[in-house]
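This report refers to the structure that appears directly beneath it.
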Amino acid sequence: MNTEETTLDKIRTRPRFKMFTHLTKEEYAENLKKYLAAHKDEFSGNINKEVATICVETKDEGYWKPRLSLRIETEDDQIVIRGVFGPSSAVWTFFMFLYFSFSILWMVFFSMYYVEKQIKSQEFPWALNASFAMIICILVTYAAARFGQHKAKDEMMKLRRFAEESTLQFEKIN
């Protein structure tokens, strides 16, 4: 097994990695199911031959309870497992909604400021301040996501260990 990870993968809102294996998609899916069944007290998930979603079993439910999505693909006659860490789809959608809304509002307010300057008007003196406020809101949203990642670091490490061990354990057998 070979693993690839770049610096960019570590600073993303949804960190990711890529593993290469010599197992087939079906063998890998079966191995994941066996590994999940053997560790059912620690992990839960849903697995098929294309995609697997794994969660760590915990007592508390935080907004960044990480999930590991494993996509099983074929690349150059080799199986590639792409892993992406992220929160639940509802939380991810909410964060993307915030990013989108704040970005659109920033563009609107900055455009208002720019047009006002071009036509030498004084109708929207607050537009530049509002655009700076939107940038601050984007940064606060990003900081909240990073805080959630930091808070769930141990669970993400368990999920990473799950991905590596479930692949290595069965690759040695075959």
- [ ] Measure nothing fancy, just the Cα-based angle from helix 89-118's long axis to the longest principal axis of the chain, in degrees from 0 to 90, nearest 10.
- [x] 30 degrees
TODO: Kindly list the residues of the range 59-90 that lie in the label zone of Phe97, defined by a backbone N under 11 Å from the point 7 Å along the Cα-to-C-beta vector.
DONE: 90
Open item on the list: From the mean inverse distance of alpha carbon pairs (Kirkwood) and the Cα radius of gyration, derive Rg over Rh for the range 47-162.
Closed with: 1.20
Task: Amide proton proximity set for Lys65, modelled H, under 5 Å, gap of 5+ - done: Ser88
TODO: Relative to the longest principal axis of the C-alpha atoms of the chain, give the angle of the C-alpha long axis of helix 25-38, reported between 0 and 90° and rounded to the nearest 10°.
DONE: 90 degrees
Task: Percent RCO, i.e. relative contact order, over the range 73-168, from Cα pairs under 8 Å lying at least 6 residues apart - done: 24 percent
- [ ] Compute the acute angle (0 to 90°) between the alpha-carbon long axis of helix 127-151 and the principal axis of greatest extent of the alpha-carbon atoms of the chain; round to the nearest 10°.
- [x] 20 degrees
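Hey, any idea what % of the chain's accessible area is carbon plus sulfur with a 1.4 Å probe? Each step should come with its number before you reach the end.
Numbers: 6290 of 10630 Å².
Heavy-atom surface of the chain belonging to carbon and sulfur, 1.4 Å probe: 59 percent.
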- [ ] Please check the chain for the longest run free of GluC sites (Glu not before Pro) that are loop-located per DSSP (anything but H, G, I, E, B) and have at most 14 other Cβ atoms within 10 Å.
- [x] 62-122
TODO: Please report the relative contact order for the chain, taking Cα pairs under 8 Å with a sequence separation of at least 6, and give it as a percent rounded to a whole number.
DONE: 23 percent
Open item on the list: Per residue, how much accessible surface does the chain expose to a 1.4 Å probe? Answer in Å², no decimals.
Closed with: 61 Å²
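Can you compute the helix-only [θ] at 222 nm over the chain? Use -39500 (n - 2.57) per DSSP H run of at least 4 residues, normalise by all residues, nearest 500 deg cm²/dmol. If you can, show how the numbers build up before the last one.
Working: 5 runs with 95 residues, N = 174.
Rounded to the nearest 500, it is -18500 deg cm²/dmol.
The values are calculated or read from the model by the stated rules, or taken from the named source; none is laboratory data. What you see is a predicted model, and the numbers here were worked out from it, not measured in a lab. As a convention, Cβ positions derive from the backbone with ideal geometry for all residues, glycine included, and neighbour counts pool all protein chains shown. We work out accessible area using only protein heavy atoms, side chains counted, and drop any ligands, DNA or RNA first. Shrake-Rupley method; radii C 1.70, N 1.55, O 1.52, S 1.80 Å.
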